[in-house]
Amino acid sequence: MSRIVYVNGEYLPEEDAKISVFDRGFLFADGVYEVSAVIDGKLIDNEAHLARLKRSMSELKMTPPATGDEIIAIMEQMVERNGIDEGLVYLQVTRGAADRDFAMPTDATPSLVMFTQKKTLAKNPVADKGISVITVPDIRWKRRDIKTVALLPASMAKQAALDAGANDAWFVEDGFVNEGSSNNAFIVTEDGKIITRHLGNEILHGITRKAVMELARRENLEIEERPFTPEEAYDAREAFSTSASAFVMPVIKIDDHTLGNGVPGPVTDKLRKLYIEMAKAG
Ligand code: PMP
């Protein structure tokens, strides 16, 4: 069955959802995006996603295609029209179509596109087992705090992981882990501390990262926001990644190093459970 896709004011069957070949998203990756999870038909932490979208647009001096309230209304329509009980809403904003020129057009009308994916998020058998990651050099640009559609390095990293028989990749720069290909990276040390890289332009300021850290603090778990090396990760008791599309995902192997007993650890399991409870509670 065809999905309903939103394109610049219209709800269309996906076959009819089209964008100009002159759209700067296509020509220059001149676009930003957000992904919000849906559980029980409700958008999770959506205000925070929209606040980040606003910031991404503002950092790139993009004109917002609609107000926050209008965007929320369209997202809710998309959930309803596509019958999404559990899954994802993707929201793509580009600077719009203009004759090809590196200089940014002042008169282009920004494009707003949304589509949905049905996905089982809470009961995920992959999360029961945990995943393996490889480390790869971080070849991305220096403004990773902006959530742009320039995802080729992330796609290459993910593919390198799959080609190596792993599930995902963690980006390493100057000897330290920045984040995952599409998630934030965490380790739990032998003495039970949760470590994740501090915020900055080097990583995306994950919405799930923030929510999970708040949950951890409520549990009186100790968190250190600092860089950690792959070697420290190899010796960690547990590891996990966070994202809107996978929540808290246990990592049980990093490069050739199996962590602990090779099964998701108790801190990770607890945080995943708490996050899902919070999401379900709305
Ligand atoms: N880092 C990167 C590079 C990502 O692409 C994502 C997910 N889009 C994240 C972190 C996680 O962010 P969030 O929790 O807001 O989904």
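Full extension of the chain between E86 and T258 gives 58.7 nm of extra length, using 0.36 nm per residue less the Cα-Cα distance. Entry note: the range 4-118 has Rg to Rh equal to 0.97, where both radii use alpha-carbon atoms and Rh is the Kirkwood radius.
How high is the FRET efficiency between E59 and K193 when r is their beta carbon distance and R₀ equals 25 Å, given to the nearest 0.05? With a Förster radius of 25 Å, E is 0.20. Comparing A244, A66, A157 in a Gaussian network model of the chain (Cα springs below 10 Å), the most mobile by mean-square fluctuation is A66. Taking a Cβ cut-off of under 14 Å around P13, the surrounding Lys, Arg, Asp and Glu residues balance to a net charge of -1, with basic ones at +1 and acidic ones at -1. Here the relative contact order of the range 7-57, from alpha carbon pairs under 8 Å that lie six or more residues apart, stands at 24 percent.
Using R0 = 41 Å, the C-beta based FRET efficiency linking F22 and K42 works out to 0.65. The convex hull built on the alpha-carbon positions of the range 44-101 has an orientation-averaged projected area of 5.0 nm². The angle between the Cα long axis of helix 152-163 and the main principal axis of the chain comes to about 50°, on a 0 to 90 degree scale. K270 contributes about 90 Å² of solvent-accessible surface, heavy atoms of the protein only, 1.4 Å probe.
Which FRET efficiency value, to the nearest 0.05, is calculated for D69 and L151 with the Förster distance at 30 angstrom and r the Cβ-Cβ distance?
0.60
Under 18 Å of direct C-alpha separation, and excluding same-chain neighbours fewer than eight residues apart, K42 reaches these aspartates and glutamates: E34, D69, E70, E76, E80, D85, E86, E277.
May I ask which of K54/K273; K193/K273; K18/K147; K118/K147 have a Cα-Cα span longer than 26 Å here? As for pairs spanning more than 26 Å Cα to Cα, those are K54/K273. Springs join every pair of Cα atoms under 10 Å in this Gaussian network model of the chain, and among A160, A169, A236 the largest mean-square fluctuation is at A160. With contacts taken as Cα pairs under 8 Å and at least 6 residues apart, the range 125-281 reaches a relative contact order of 25 percent.
Rounded to the nearest 20, the Cβ-based charge dipole of the chain about its Cα centre (Lys and Arg +1, Asp and Glu -1) stands at 240 debye. Working from label points 7 Å from Cα in the Cα-to-Cβ sense, the T229 to E15 distance is 5.8 nm. When the chain is described by a simple charge dipole with +1 on each Lys and Arg Cβ and -1 on each Asp and Glu Cβ, the residue from L215, I254, T109 located farthest towards its positive end is T109. Here is the list for the range 30-110: trypsin sites (Lys or Arg not before Pro) lying in DSSP coil, each with at most 12 other C-beta atoms within 10 angstrom of its C-beta, are K61, R100. For the chain, a/c is not less than 1.5, where a ≥ b ≥ c are the root eigenvalues of the C-alpha gyration tensor, and a/b tops b/c. That puts it in the prolate class.
The values are calculated or read from the model by the stated rules, or taken from the named source; none is laboratory data. What you see is a predicted model, and the numbers here were worked out from it, not measured in a lab. Virtual Cβ from ideal backbone geometry, glycine too; neighbours counted across all protein chains shown. In case anyone asks, the SASA skips ligands and DNA or RNA and just uses the protein heavy atoms, side chains included. Shrake-Rupley method; radii C 1.70, N 1.55, O 1.52, S 1.80 Å.
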